[in-house]
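Asker: So that we are looking at the same thing, I have put the structure below in structure tokens.
FYI, it's all coordinate maths here, none of it is from the lab. None of these values were measured; they are calculated from a predicted model. Positions of Cβ are backbone-derived with ideal geometry, glycine not excepted, and every protein chain shown enters the neighbour counts.
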Amino acid sequence: MIGDLLQNSKAYLDFKKDLSGDKISHAYLFLGEDKLARRKYMRLFASTILCRAGGCGVCDTCDKIYNDAHLGVHYYNLDGKMNVKMAESLIEESYKSSWEGNDVKDDDRSSGASKRIFFIDNFDSVAPAVQNKLLKVFEEPPKNVIIALFAGSTYAILQTIKSRAKLSYLPKFTAEDIHNELIKDGYSRSIAEIASALSDGSFERAYLFVEDEGYYNQYSECFEVLKNCKNSTMVVDYIGNSIFSKENIARTLEFFSIILKDVAIKVSGAKTPYTTRNRDYDIQLIAEGYTTASVAMAILEVNQGQAMLNSYISPVTVAERVLFKILEAKYKWQ
Ligand SMILES: [Zn+2]
């Protein structure tokens with residue numbers, strides 16, 4: 001389960017070490033692109049600190065945390081729209097000496113159970129002016145408060161804040177992890193196969209894909225095109241395929257890229273596992289026309305097509321170019 005994967009992550013084990021050594025920081029910065037995993041990690045983090053059994057998952061405290069109903073756990077900026085006003089309310093809230101409904105006994109005051117936790121998600125999207133406003137809680141940390149920031153990267157985070165928060169990386173998951181999780185969740189093999197291949201290690205992305213069966217047909221069609229498109233006349237026929245429509249072409253190129261990378265693994269004889277699953281025979285068939293150089297070229301051409309889409313070049317032009325260039329790479333680099 002994602003929960004197990006997170007509990008075994010370095011970020012979590014390091015944090016547990018802090019906690020048991022009474023070296024818990026007043027500010028953390030957790031980096032990870034996967035918003036779903038971030039959300040799960042927040043609950044795990046809070047329950048580990050606040051639950052007297054270190055996050056048992058079944059007590060009243062844990063139950064409240066997992067239902068987002070614990071009064072000592074505050075969430076900010078889940079929607080990425082934090083403004084100065086919200087920052088001010090966070091500051092005010094964090095300096096309050098205790099929270100209402102606090103049933104912590106006096107002898108628990110010094111332990112983690114009396115802490116309050118403020119999560120700020122999407123911190124890399126918080127405007128510099130808002131970050132500046134928040135600087136106060138990092139410079140003069142409120143008592144018994146832990147601020148935990150979550151972001152995809154540190155790029156847009158003020159140095160003054162970065163330097164005051166303990167940096168930790170959330171794990172990136174493998175396609176295998178995600179595949180197994182989806183099967184456990186009761187999704188069919190075919191759906192789990194595509195969603196994990198596409199996930200790029202993100203549960204958030206994987207779950208977006210499992211919600212829509214149309215993805216699977218498109219994915220299968222991409223294999224067919226790469227297997228069968230053998231000459232320029234066929235290119236012209238394929239351009240009309242719905243996988244190259246305005247709505248679909250971006251994802252088609254993403255699929256092409258994933259498939260061709262596996263083809264590159266096949267051609268080079270590398271021991272790296274494939275990203276696609278249960279498609280070994282298709283990969284082998286596609287690989288037959290390629291050398292390592294030509295498949296590398298084909299992947300570059302797909303990337304080039306993605307860049308063209310981003311500069312608003314028409315889908316038909318992009319599709320035509322990518323298919324021709326893939327053919328050309330195959331013959332030129334034999
Ligand atoms: Zn508990």
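Asker: Hey, fewest Cβ within 10 Å first, where do 213, 140 land in order?
Answerer: Working: 213 13, 140 8.
The fewest-first ordering by Cβ neighbours comes to 140, 213.
Asker: Using θ = phi - 60° and the Karplus curve 6.51 cos²θ - 1.76 cosθ + 1.60, what whole-Hz ³J(HN,Hα) does each residue of segment 38-46 get, with Gly and Pro shown as x?
Answerer: Taking θ as phi minus 60°, the curve returns 4, 4, 5, 5, 4, 5, 4, 4, 5 Hz for segment 38-46.
Asker: Taking the alpha-carbon centroid of each part, what is the distance from segment 240-278 to segment 21-60 in angstrom?
Answerer: Taking the Cα centre of segment 21-60 as reference, the centre of segment 240-278 is 37 Å away.
Asker: Once you have a ≥ b ≥ c as the square roots of the Cα gyration tensor eigenvalues for the chain, tell me rounded if a/c is under 1.5, and otherwise prolate or oblate according to whether a/b is larger than b/c. Before the final figure, lay out each step's value.
Answerer: Values: a/c = 2.87, a/b = 2.23, b/c = 1.29.
Cα axes put the chain in the prolate bin.
Asker: Determine by what factor the alpha-carbon radius of gyration of segment 2-169 differs from 2.2 N^0.38 Å, reporting the quotient.
Answerer: Working it through for segment 2-169, the quotient is 0.97.
Asker: Roughly how tilted is helix 189-198, in degrees to the nearest 10 and between 0 and 90, from the longest Cα axis of the chain?
Answerer: Taking the Cα atoms of the chain, the angle to 189-198 is about 80 degrees.
Asker: Give a residue-ordered list of calculated ³J(HN,Hα) values for segment 157-169 (Karplus: 6.51 cos²θ - 1.76 cosθ + 1.60, θ = phi - 60°; whole Hz; x for Gly, Pro).
Answerer: For segment 157-169, the Karplus curve yields 9, 4, 4, 4, 7, 3, 6, 9, 10, 7, 8, 8, 9 Hz.
Asker: Sticking with this structure for a sec: Tell me which residues come under 5 Å, amide H to amide H, from residue 73 once H is placed; ignore anything under 5 positions away on its chain.
Answerer: 117
Asker: Please name which of 229, 71, 122 has its Cα lying farthest along the dipole of the chain towards the positive end, using unit charges on Cβ (Lys, Arg +1; Asp, Glu -1) and the Cα centre as origin.
Answerer: 122
Asker: Please give me, ordered by residue number, the trypsin sites (Lys or Arg not before Pro) of segment 225-258 that lie in loop per DSSP and have at most 14 other Cβ atoms within 10 Å. Can you show the working numbers first?
Answerer: Numbers: sites: 227, 230, 246, 251; in loops: 230, 246.
Within segment 225-258, the qualifying trypsin sites (Lys or Arg not before Pro) (loop, at most 14 other Cβ atoms within 10 Å) are 230, 246.
Asker: Sequence gap at least 6, Cα distance under 8 Å: using those rules, report the relative contact order of segment 2-169 to the nearest whole percent.
Answerer: Result for segment 2-169 is 34 percent.
Asker: Then there's this: Mind pulling the angle between the C-alpha long axis of helix 84-95 and the longest principal axis of the chain? Nearest 10 degrees, somewhere in 0 to 90.
Answerer: 40 degrees
Asker: To continue, here is another question. With only Lys, Arg, Asp and Glu charged, each at its Cβ (+1 for the first two, -1 for the last two), find how big the charge dipole of the chain is about the Cα centre; round to the nearest 20 debye.
Answerer: The calculated dipole for the chain is roughly 860 debye.
Asker: Tell me which residues come under 5 Å, amide H to amide H, from residue 28 once H is placed; ignore anything under 5 positions away on its chain.
Answerer: 147, 148, 149, 166
Asker: Another question about this same structure. Would you mind checking the tilt of helix 315-332 against the longest principal axis of the Cα atoms of the chain, expressed as 0 to 90 degrees and rounded to 10?
Answerer: 60 degrees
Asker: Could you give me the ³J(HN,Hα) list for segment 270-279, computed from phi with Karplus coefficients 6.51, -1.76, 1.60 and θ = phi - 60°, whole Hz, x at Gly and Pro?
Answerer: For segment 270-279, the Karplus-derived couplings read 5, 8, 4, x, 5, 7, 6, 10, 6, 10 Hz, x marking Gly and Pro.
Asker: If the cut-off is 12 Å between C-alpha atoms, which aspartates and glutamates fall inside it for residue 81, apart from same-chain ones fewer than 8 positions away?
Answerer: 121, 124
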